[in-house]
1. When the chain is modelled as a GNM with alpha-carbon springs shorter than 10 Å, which of Ala131, Ala150, Ala89 fluctuates the most?
2. Given that just one value was derived from the coordinates, which of (i) 49, 39, 33; (ii) 77, 45, 22; (iii) 50, 43, 28 is Cα extents along the principal axes in Å?
3. If you place +1 on the Cβ of every Lys and Arg and -1 on the Cβ of every Asp and Glu, how big does the dipole about the Cα centre of the chain come out, in debye to the nearest 20?
4. For Cα pairs less than 8 Å apart in space and 6+ apart in sequence, what is the mean separation divided by the residue count of region 1-143, i.e. the relative contact order in percent?
5. Would you give the gap between the C-alpha center of region 1-69 and the C-alpha center of region 135-155, rounded to a whole Å?
6. For the chain, report the accessible area per residue in Å² (1.4 Å probe, heavy atoms, rounded to an integer).
7. Amide H of Ala142: which non-local residues (sequence gap of 5 or more, or other chain) have their own amide H closer than 5 Å, using H built in the peptide plane?
8. Given a 1.4 angstrom probe, I'd like the percentage of the accessible area of region 61-111 that is carbon and sulfur, rounded to a whole number.
Amino acid sequence: MSDTSIVIPDSLFEIASSAQFEGSFVVGSLSLGADVYEFPEPVSWQATISNTGESLAVLGRVTGEGTCACARCLEPITFDFEGDIEGYAFLQEPTEEELEGFEVDEYVVLAEDEKILDMEPLIRAALCLDAPLVPLCKDDCAGLCPTCGANLNEGPCDCVADPDEEAAFSKNPFAVLKDLQLDD
């Protein structure tokens, strides 16, 4: 059993009861579109599980440090993650009415003989939601030179600018849109 598996104590099957749990989880890497976050150390998580009568509500927090390449200059950057954990475990097969407002990935249904709740999907979801939409080393990152690939944050590159700006612009595949007239 991993450090993300919670054996649910019998006391949590009583309505309005709650219990706190904590642990660590080795994430390794987390792919979010083109961005891949590496977690060199395990993340820490804490959660309170409460019996609402219909389900076990899981609310908590995950914290850790992840690294990713800047979307503009590709330099490695480190982010502090502090994501909110939220999920539900139904004690029996829920009705359609009980599922109203729930997304498929927000809940699990525990089998009658199953008293183990795996926190891993909830932890991963919390990290995904806390990740920046576009990871940048700084807001005004200059990125890479499109010609030579030099990091423009370190200064200008040695590329010679095209003396005929119109000729350089015409090489751009979007140049055909230059005279496009859009009606309001």
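The values are calculated or read from the model by the stated rules, or taken from the named source; none is laboratory data. Since the structure is predicted, the reported quantities are computational estimates derived from the model, not experimental observations. Neighbour counts are summed over all protein chains in view; Cβ atoms, including those assigned to glycine, are modelled from backbone coordinates with ideal geometry. Protein only, heavy atoms only, side chains kept; ligands, DNA and RNA dropped before computing areas. Shrake-Rupley method; radii C 1.70, N 1.55, O 1.52, S 1.80 Å.
1. Ala150
2. Here Cα extents along the principal axes in Å agrees with entry (ii).
3. Values: 7 positive and 39 negative charges, 142 e Å.
Around 680 debye, computed over the chain.
4. Values: 281 pairs, mean separation 33.2, N = 143.
Contact order relative to length: 23 percent.
5. Using only Cα atoms, the two centres lie 36 Å from each other.
6. Working: 12160 Å² over 184 residues.
So the chain comes to 66 Å² accessible per residue, rounded to a whole number.
7. The answer is Asn153.
8. Working: 1390 of 3210 Å².
Reported share for carbon and sulfur atoms: 43 percent.
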